[in-house]
Amino acid sequence: MASIKDVAAAAGVSVATVSRALNGHSSVSADARARVMGAVEALGYRPNAVARSLRTDQTHTLGLVISDVLNPYFTELARSVEEEARALGYSVIIGNADERPELQDHHVRNLLDRRIDGLLVSPTDGGSPLMLDAARGGTPMVFVDRWIPGVDVPVVRADGRAAVRDLVAHLYGLGHRRLAIIAGPAATTTGSERVEAFRAALGEYGLPLPDVYIGQGDFQAESGRRVTEGFLDLPEPPEVVFAADNLMALGALDAVRARGLRVPDDLALAAFDDIRWFVHTDPPITAIAQPTGELGRAAVRALVDRIEGRAGESVTLPAQLVVRRSCGEPATPTPPSPSPVQRSTS
């Protein structure tokens, strides 16, 4: 493996000049830089990132702890984070908390031990002492999607309240009056916020949200199945189930089908967190979509700002309702076929 001395010899410059050229220092002439980069390419030289981090006290590495890597929303979020980080010269190490606070803290501890430059987290709960200590101790940190109230770090998230109001208005317009929700964990900000947004939107139409129409889920598919089975066993089942995330919506769909029932004929279904699969279900699922890619990119930019000594601002983007056919919507009419081209008779 080529060393920096080999590059210097091949380029006819000093080791110091090679180092300055690789780090973009303005004192290196264009000719010397071109010779250095040519030698790097010819020799296949790769700088020693570990040694460089010891000299600069930076690793150019970000940590990302996501709540559940099997959730397509977080998979897409992680992808956008990695792409934006790479564009800004950073690598990303990802930890999957699997919606478990103890596993979240395990990943945070390991990432801090690896001397990452900054940390992106979607918290599984609001009371992790380790994360609180890291944030208050000066570790550059940004919360994405979820956050811990009272912790002074930027938060990058989508605001779904307007989209939930749009959903309830849509359901009311379709004639639905008995609406239920599969809630996420109350310990998460997204879990509690979506229930309250749903309750408030129902109130605008004079509709109640009885306790029996609030099912406690955990953002996992099995909880969506379990809660929906409970709804179907009620003396007066709901007409609509709104799942507060995509995996719970898929579990709800499984529960309906397991009983030989159909969506939306026997139970309408809507979801928070649109995913690409929803257009392929039968029927396609009406959902609230978050701007996932934009959130991931904005979170990286906010974190890099903090790492590089800038303020790093919170960002809130709007979610939006995507109407399909799982709530009894009329099928989209097939556009008429174009008229045949008339042949000229002249």
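The values are calculated or read from the model by the stated rules, or taken from the named source; none is laboratory data. Fair warning: this is a prediction, and the values are worked out from it, not measured in the lab. Backbone-built Cβ (ideal geometry, glycine too); neighbour counts: all protein chains shown. Please note that ligands, DNA and RNA were not included when accessible areas were found on the heavy atoms of the full protein model with its side chains. Shrake-Rupley method; radii C 1.70, N 1.55, O 1.52, S 1.80 Å.
The helices (runs of 4 or more DSSP H) found wholly in region 1-103 and carrying at least 3 residues that are modelled with pLDDT of 85 or more and closer than 30 Å to VAL121 by Cα occupy 72-87. Which number in (1) open to solvent by 10 Å² or more (accessible area, probe 1.4 Å); (2) closer than 25 Å to ASP211 by Cβ; (3) touching a residue at least 60 places away in the same chain (Cβ under 8 Å) marks the one condition that GLY293 misses? For GLY293, the failing item is (2).
Taking each residue of region 181-210 that is in contact (Cβ under 8 Å) with a residue 40 or more places away in the chain and open to solvent by 50 Å² or more (accessible area, probe 1.4 Å) and looking for partners that are outside any helix (DSSP H, G or I) and β-branched (Val, Ile, Thr) with beta-carbon atoms closer than 9 Å, six or more apart or interchain, yields ALA187/THR124.
Within region 134-188, the set of residues being part of a loop (DSSP other than H, G, I, E, B), in contact with a helix residue (DSSP H, G or I) (Cβ under 8 Å, 6 or more places away or on another chain) and within 16 Å of PHE198 (Cβ to Cβ) comprises GLY160, ARG178, GLY184, PRO185, ALA186.
Flag: GLY312 matches the condition of being in a loop (DSSP other than H, G, I, E, B), at pLDDT below 95 and at positive phi.
Scanning region 231-238 for residues that are more than 24 Å from the chain's Cα centre (by Cα) and under 30 Å from ILE66 (Cβ atoms) turns up at least one hit.
Scanning region 79-109 for residues that are closer than 21 Å to PRO185 by Cβ, out of contact with any helix residue (DSSP H, G or I) (no Cβ under 7 Å at 6 or more places or on another chain) and surrounded by 18 or more Cβ atoms within 10 Å (Cβ to Cβ) turns up ASN96, GLU99, GLN104, HIS107. Checking each residue in region 110-129 for being within 26 Å of PRO185 (Cα to Cα) and either surrounded by 14 or more Cβ atoms within 10 Å (Cβ to Cβ) or without any contact (Cβ under 8 Å) to a residue 40 or more places away in the chain (or both) picks out ASN110, LEU111, LEU119, LEU120, VAL121, SER122, PRO123, THR124, ASP125, GLY126, SER128, PRO129.
Here is a yes/no grid of residues against (1) modelled with pLDDT of 95 or more; (2) not hydrophobic (A, V, I, L, M, F, W, C):
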| residue | (1), (2) |
| --- | --- |
| VAL155 | yes, no |
| LEU171 | yes, no |
| ALA180 | yes, no |
| ALA187 | no, no |
| GLY203 | yes, yes |
| LEU207 | yes, no |
| TYR213 | yes, yes |
| GLY217 | yes, yes |
| GLU222 | yes, yes |
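Considering region 211-283, the qualifying strands (runs of 3 or more DSSP E), each wholly inside and each with 1 or more residues that are surrounded by fewer than 21 Cβ atoms within 10 Å (Cβ to Cβ), run over 214-216. Count of region 108-151 residues, restricted to those that are under 19 Å from the mean Cα position of the chain (by Cα) and hydroxyl-bearing (Ser, Thr, Tyr), is 2.
Being among the acidic types (Asp, Glu) and either in contact with a Cys (Cβ under 7 Å, 6 or more places away or on another chain) or modelled with pLDDT under 95 (or both) is a description that applies to ASP282. The residue pairs whose first member lies in region 301-315 and is closer than 13 Å to GLY89 by Cα and touching a residue at least 12 places away in the same chain (Cβ under 8 Å), whose second member is outside any helix (DSSP H, G or I) and open to solvent by 70 Å² or more (accessible area, probe 1.4 Å), and whose beta carbons are closer than 7 Å, counting only pairs six or more residues apart or on different chains, are VAL304/LEU88.
The selection criterion, being of a type in the set (Lys, Arg) and either open to solvent by less than 60 Å² (accessible area, probe 1.4 Å) or in contact with a Leu (Cβ under 9 Å, 6 or more places away or on another chain) (or both), does not hold for ARG161.
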